[in-house]
Amino acid sequence: MSVDLVEPAGPPPHDADWQALVDLLARADVRLDGDRPWDMRVHHHPGLARRLFGGASMALGESYMDGWWSAEAPDQLLERLIAARLAEQLHPPQLLWHLAKARVFNLQTARRAWQVGEQHYDLGNDFYAAMLDARMAYSCGYWQRGAASLDEAQEHKLDLVCRKLGLEPGMRLLDIGCGWGSLMKFAAERYGVRCVGVTISVEQAELGRQLCEGLPVEFRLQDYRELDERFDRVASIGMLEHVGHKNLDAYMATARRCLADDGLFLLHSIGRNDSSHGTDPWIHRYIFPNGELPSIARIGQACEPHFVVEDLHNFGADYDRTLMCWHERFTAAWPRFEAELGERFFRMWSYYLLCSAAAFRARDIQLWQWVLSPRGVRGGYRRP
């Protein structure tokens, strides 16, 4: 499908919805059909205003996918909309239904957990290899040690995780939600540990085994709730976002029963500033089905019966730069995938990466690394 963008059509005459949209966007210093990089350019779709008021964030993402609007710098536009909290002023019925479902139903049961693997992570290993760094780490890089490239930022993140866990040769490490094995491969090569990783993605496990061939690394296609064996250390990088608040206790209980009494658990997760709702409905429908971003309060409450919180580290601002690197690499590689995936997918994936970067830039969402211990570290834990 090709999206045909034409020149802006200008406001429809005597349209109250259009003027209301102009006034709403002005609160974020965004103009309709303006000439600044973050201004919204409407492509011959005078019904855009009514669509946005009727569907809020879902309609904003879908109308971008459909080619109804564009911007020279969509990430800058979205950053302004998020920082101005314009979405809080719109409450369409479909948003209320999305929030009600998340509160009432368990959207992350053991059966439903495999859906995100099939829809998102099994898009194709070639696709992700083109977008990610050489180690295929699909989580926030660590830029605060002066990394000059995405590859360096991801190596710094992996090394930070290993140092926080205090890994030593001969230890066994469990990686819950291991992806393509970037952490396990790094830990096995640099720190001499043996690793077991679980994933719900067939594609990830297949490539991960190839990348880790010859190393003491095991991949399992398995839901985290099925785990029941002891390890010296446990890590979970970018997995908690798929767990859901109704399963947080089961997740923490799993990590605890798999961790030695003197062990450490490193939990790396995106999170929200509040506990009122979990994930944007557009993200739920098109990117991460059944996903839910937790808050500090909900994670902390889930920790209470199982762990002592030793350390909490926020470097969410680093995710902005990581996502912009992914977007640059995705855009450069797109000609290889265009015929198979189509133009609407390109706009969808671009919107996902740029909207996420904007949310971190606006400090609307965070990236936390928690270090947890079962009984408390004698003398106190010291972040390396």
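Residue count for region 203-221 satisfying the condition of being surrounded by 15 or more Cβ atoms within 10 Å (Cβ to Cβ), in contact with a Ser or Thr (Cβ under 8 Å, 6 or more places away or on another chain) and not aliphatic (A, V, I, L, M): 2.
Filtering region 236-250 to residues that are within 23 Å of K164 (Cα to Cα) and surrounded by fewer than 23 Cβ atoms within 10 Å (Cβ to Cβ) leaves G238, M239, E241, L248. Select the helices (runs of 4 or more DSSP H) contained entirely in region 307-384, then report the ones holding at least 3 residues which are surrounded by 16 or more Cβ atoms within 10 Å (Cβ to Cβ), in contact with a Leu (Cβ under 9 Å, 6 or more places away or on another chain) and of a type outside the set (K, R). Those helices (runs of 4 or more DSSP H) span 317-333, 343-361.
Being touching a residue at least 60 places away in the same chain (Cβ under 8 Å) and either surrounded by fewer than 19 Cβ atoms within 10 Å (Cβ to Cβ) or of a type in the set (A, V, I, L, M) (or both) narrows it down to one of A148, A153, A134, so name that one. Criteria check complete, one pass: A153. Here V217 qualifies as assigned by TED's automatic domain parsing to the domain that holds S356, in contact with a strand residue (DSSP E or B) (Cβ under 6 Å, 6 or more places away or on another chain) and among the β-branched types (V, I, T).
The values are calculated or read from the model by the stated rules, or taken from the named source; none is laboratory data. Note that the coordinates shown come from a computational prediction; the quantities given were computed from them, not determined experimentally. We place every Cβ from the backbone using ideal geometry, glycine too, and count neighbours over all the protein chains shown.
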